[in-house]
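Please treat every number below as a calculation from the coordinates, not as lab data. Treat the numbers as computed from the prediction; the structure is a model and nothing was measured. Every residue, glycine as well, gets a Cβ built from its backbone with ideal geometry; the counts of neighbours run over all protein chains shown.
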Amino acid sequence: MQILLAVIIGLALFFAIGLASRATLRGLAPAHLVPTFRDMPLTASFGLAVILIYVVVSVLAPVLAPFGESEVMGAQYLPWAAPYHLGTDKLGRDMLTRLIYGARNTVGIAFATTALAFVVGTVLGIWAALVGGWLDQTLSRIVDALMAIPALIFSLLLLTIFGTSVLSLILVIAAVDATRVYRLARSVAQGIVVMDYIEAARLRGEGMWRLIRREILPNAMAPLVAEFGLRFCFVFLAISALSFLGLGIKPPTADWGSMVRENATLITFGDVTPLLPAGAIALLTVAVNFVVDWQLHRASGLKE
Amino acid sequence: MNDIWRMIGQRLLFGLLTLFVISVVIFGATELLPGDLARELLGQSATEETLAALRDQLGLNDPAPLRYWNWLTAALQGDFGVSMATKRPIADLVGARLGNTLFLALYAAALSVPISLTLGVLAALWRNSIFDRASNALALTAISIPEFFVAYILVLFLAQSGLFPSMVRITGSTTFGDQLYMSFLPALTLTLVVTAHMMRMTRAAIINLLANPYIEMARLKGMSPLRVVLRHAVPNALAPIINVVALNLAYLITGVVVVEVVFVYPGLGQLMVDAVTNRDIAVVQAIALIFASAYVLLNLIADVLSTISNPRLMHRS
């Protein structure tokens, strides 16, 4: 009965948020974008709204959170009651506060990692496609070799070597994911470098950097943006998984993955509190996926 | 027949080459450290004597190619060296756990492959129906959910009421039936994680073929839609389906790491996480090599099977 109720409430929220955000977007959008937002599916508008909420929460974390990030408030594992609306955790820290700060830490670190992986992967990929020859061969074979090892296993290996800290976590995940981005960027760029306008730009004497930035990147943007969304999901899940395993972001920094692990014992007593951070992770990845799905659908020009 | 053997031989050689490259990467990763491995492991406060002793123990005084050769030849004979944290031979640590992990992965595969193929065929059959749309949304959701979330939800609903155990304890006296019962929740978690993707890809592979003239012909003959899909579409869609199944089974291999930790399952993943925490590099290298070999092997099998399933693939120049 409770489950059914939860499902109904969830669906109602989904439709409410989706419809509301679509209406708002249509109202606020500049004239030329109005049709885009009018035709967007409910899943996509829901996704956009959720992403927006996460961004706002992570930016305003210190204002929204009722207590300090790692402030020990009272007894451990307190039930859901004011002033601790979601109870307290293993050490007696306010759960709601840590959830809010977790948005800032987990999402922020995942975003930074994805951005790093993207810059490195895209620049190298386009560079390889542009120069071709031995450079392309060398880089591509190295990437092939690195990609032959499953991502999680390779990250675990690298974390053993470099030690587990936030910095090495970011660098390791970025390195592993940059190989995947490289693949995509290279194959997209290969289709572009044979175009006449690239030839013309070369004859004009444009340098390598200018070619990448001004000629190729703008034309490779659409698939790369979609890939950025997907990549963010993978990175986000990988970081959460590693933090969950105790190898990523470490306490006292509030982080959703490690919060699940720290409080997991509660689940066996039927308390859903430890599931909240896990749900927060799932909700964001689902939202990003919905938006990416919509973008891919739009880019491919498919009509139902 | 000869063609098939030649193809298998070629793929095997290629697989061996890949494995060789992987072993170089796994071994070479330790060479990436800017400083000295011994100092990194013992910390700044280590004395010169302990550093020298550890270097000697790890064989760090030899040149890297020689160390690589020694490591590889020993590993091929099943000798992975000694764990630094527990001082026990790694082969002993890995031995029993490898069986458990394989059991879990096979269990999950036995559940997920039939389910996802059936659902995929049904989704292709009833495309654009409510069932199809719902499964699409569910698949997208399932791909985005962290494994530990699925695992804990299952624990909340199935273990908390005492239906299934939330921890797996396998001893020498555990019977096969008990083991199946105890590992049900971890296997179900893995199944839920991979089913959606396999199902979507099966559906896509079948739908891709439905515009072909021979499908239309079969339809015009008055065949039932189910028979058209099963007799005419599925055999031609086998190659992509096999590939996506292999991809997901390979994913199972890495997916076990998180799931094993949740259910305290005595497998390789758990061992690897412990080893990473202790920075026990020899153990991590050994397990990474095992996981990576399984990954390569699965891809190899998928490649061979999908080529056999479609003779046209064998004669491409």
Exercise. Stokes-Einstein at 4 °C, 1.567 mPa s, Kirkwood radius from Cα pairs: D for the stretch A:102-300 in µm² s⁻¹?
Worked result: 71 µm²/s
Exercise. Which value, in Å to one decimal place, does the Kirkwood hydrodynamic radius take for the protein assembly as shown when every pair of different Cα atoms is included?
Worked result: 26.8 Å
Seminar exercise, completed: Sorted on mean Cβ neighbours within 10 Å (highest first), peptides B:86-98, B:104-116, A:129-141, A:252-264 come out as A:252-264, B:104-116, B:86-98, A:129-141
Problem set entry | Computed [θ] at 222 nm, helices only, for the protein assembly as shown once each DSSP H run of length n ≥ 4 contributes -39500 (n - 2.57) | -23500 deg cm²/dmol
Seminar exercise, completed: Computed over chain A: longest principal axis from alpha-carbon atoms vs helix A:151-162 long axis, angle to nearest 10 degrees, is 80 degrees
For this session: Please provide three numbers in whole Å: the alpha-carbon extents of the stretch B:178-317 along the principal axes, with the largest listed first.
Result: 65, 40, 23
Problem set entry | the stretch B:211-239 versus the stretch A:73-108: alpha-carbon centroid distance in Å | 57 Å
For this session: Order the peptides A:163-174, A:41-52 from the highest to the lowest mean number of other Cβ atoms within 10 Å of their residues.
Result: A:41-52, A:163-174
Exercise. Across peptide A:160-169, what mean number of C-beta atoms from other chains lies inside 10 Å of a residue's C-beta?
Worked result: 4
Exercise. For the stretch A:29-41, what does the Karplus curve 6.51 cos²θ - 1.76 cosθ + 1.60, with θ = phi - 60°, yield as ³J(HN,Hα) per residue in whole Hz, taken in order and with x for Gly and Pro?
Worked result: 5, x, 3, 6, 9, 3, x, 4, 6, 5, 8, 5, x
Problem set entry | Lys/Arg +1, Asp/Glu -1 at C-beta; the protein assembly as shown dipole; positive extreme among B:LEU32, A:ALA117, A:LEU99 | A:ALA117
For this session: Would you mind getting me the FRET efficiency between B:LEU13 and A:ILE142? Use the beta-carbon distance for r and R0 = 22 Å, nearest 0.05.
Result: 0.55
Seminar exercise, completed: To the nearest 10 degrees, the tilt of helix A:133-147 (Cα long axis) against the first principal axis of the alpha carbons of chain A is 20 degrees
Exercise. Once both axes come from the Cα atoms, what is the angle between helix A:275-300 and the longest principal axis of chain A, in degrees from 0 to 90, rounded to 10?
Worked result: 30 degrees
For this session: For A:ARG93, list long-range residues whose amide hydrogen, built 1.01 Å from N in the peptide plane, is under 5 Å from its own amide hydrogen.
Result: A:MET73
Exercise. Which helices of chain B meet both criteria: a Cα extent of 30 Å or more along the helical axis and a mean Kyte-Doolittle score no lower than 0.5, with helices taken as whole DSSP H segments?
Worked result: B:2-28, B:90-125, B:184-209, B:234-262, B:281-309
Exercise. Just how large is the dipole of the stretch B:181-289 about the Cα centre, in debye to the nearest 20, putting +1 at every Lys and Arg Cβ and -1 at every Asp and Glu Cβ?
Worked result: 700 debye
Exercise. Roughly how many nanometres apart are two label points built 7 Å out from the Cα toward the Cβ at B:SER45 and A:ARG202?
Worked result: 6.0 nm
Problem set entry | Long-range amide H partners of B:VAL82 with built H, under 5 Å | B:ILE90
Exercise. For A:239-245, what's the mean count of beta carbons from other chains sitting within 10 Å of each residue's beta carbon?
Worked result: 5
Problem set entry | Fully extended contour minus Cα-Cα distance, from A:VAL131 to A:ASP39, at 0.36 nm per residue | 29.0 nm
Seminar exercise, completed: Scoring only Lys, Arg, Asp and Glu (+1, +1, -1, -1) among other residues with Cβ under 13 Å from the Cβ of A:ARG180 yields 0
Seminar exercise, completed: Counting every C-alpha pair in chain B, the percent lying more than 24 Å apart is 64 percent
Exercise. What residue among B:TRP69, B:ALA52, B:LEU42 has its Cα farthest toward the positive end of the dipole of the stretch B:35-77, where the charges are +1 on Lys, Arg and -1 on Asp, Glu, each on the Cβ?
Worked result: B:TRP69
Seminar exercise, completed: Once B:ALA204 and B:ARG88 are pulled to full extension, the length gained, defined as 0.36 nm per residue separation minus their Cα-Cα distance, is 36.8 nm
Exercise. In terms of modelled amide H atoms, which long-range or inter-chain residues lie less than 5 Å from the amide H of A:GLY248?
Worked result: A:SER243
Exercise. In the stretch A:188-304, what is the volume of the convex hull around the alpha carbon atoms, normalised per residue and reported in Å³?
Worked result: 144 Å³
Seminar exercise, completed: The FRET efficiency for B:LEU305 and A:ILE9, from their Cβ-Cβ distance with R0 = 41 Å and rounded to 0.05, is 0.35
Problem set entry | Peptides ranked, highest mean first, by Cβ atoms within 10 Å: ranges A:11-22, A:145-156, B:46-57 | A:145-156, A:11-22, B:46-57
Exercise. Which net charge results when you count Lys and Arg as +1 and Asp and Glu as -1 among the other residues whose beta-carbon is under 13 Å from that of B:VAL94?
Worked result: -2
Seminar exercise, completed: Output field shielding_mean for A:141-154 (other chain Cβ, 10 Å radius) holds 6
